[in-house]
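The values are calculated or read from the model by the stated rules, or taken from the named source; none is laboratory data. This is a predicted model, so every value here is computed, not measured. Please note: Cβ atoms are built from the backbone with ideal geometry, for glycine as well, and neighbour counts cover all protein chains shown.
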Amino acid sequence: MLLASTLVAACATPAPPPPPPPPAPVGLAELMERPAERALVEGIRLYDNAQYPAAEAALQRALAAGLVSIRDQASAHKLIAFIACTSAREAECEAAFRAARVADPAFALSRAEAGHPMWGPVYRRVTGP
């Protein structure tokens, strides 16, 4: 009996190793060490303070530096679209909305944003009805 249980145990497939632990969440301090993410935060701050040319430059730097998150990429493109539309650069506004959708296929404006009289029509043209 002992021999039989030893043979069965020897023939059994070993259990797979446990999965690795999930990566630790990334904190804001760590994100701010990344040039792209730091430029995105700067661009959002400048946009919120109505410093649009500087905001656009920071957002372009963030994209060029390689934002990791597709949602961050789409957000940068969205704010660039808003700036372009309010600066009467409709073709650039449309291109930025298209780039946001390429970066994140789930990208969508909020209902309030989509209803904006300057960029809402351009956004609807890009995304369809």
Of the residues Arg34, Arg38, Arg71, which single one is within 21 Å of Phe107 (Cβ to Cβ), at pLDDT 85 or above, among the basic types (Lys, Arg) and under 15 Å from the mean Cα position of the chain (by Cα)? Arg71
Residues of segment 86-119 classified as under 21 Å from the mean Cα position of the chain (by Cα) and assigned to a helix (DSSP H, G or I), total: 16
Of everything in segment 52-99 that's of a type in the set (Lys, Arg) and within 20 Å of Leu31 (Cβ to Cβ), which residue is surrounded by the fewest Cβ atoms within 10 Å (Cβ to Cβ)? Arg71
